[in-house]
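No lab work stands behind these numbers, since they all come straight from the coordinates. Here the structure is a predicted model, which means the values were calculated and not measured.
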Amino acid sequence: MPNVERGSCRFSLRKTSEGKPAIEMELFHNTVPHLAAVSLSFEVLSGITIEQTRNLIEKMNDQIVGVVVTAK
């Protein structure tokens, strides 16, 4: 049976080095050791505004409660 790790998270807005909006996932309490040394960000489609990204982040934070990691 694979080892499953769970952790609570939230999403926040950040800008890429090019100034484009991106969504960064922040873990609480370092409960997922496999992700402790990495930063996980999501790029959005070109043309998506900062305000649209903020709205998406708000929805993600309202509806996503955590992350599940399973080693292959």
*Which length gain, in nm to one decimal place, applies between Ala36 and Asn61 when the Cα-Cα distance is subtracted from 0.36 nm times their residue separation?*
7.0 nm
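Work out the P(r) tail for region 4-70: percent of alpha carbon pairs separated by more than 17 Å, whole number.
It works out to 43 percent of all Cα pairs.
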*Using helices alone, what [θ] at 222 nm do you get for the chain, with -39,500 (n - 2.57) per DSSP H run of 4 or more residues, divided over all residues and rounded to the nearest 500?*
-6500 deg cm²/dmol
*Helix axis angle, 50-63 relative to the chain longest principal axis, alpha carbon, degrees*: 30
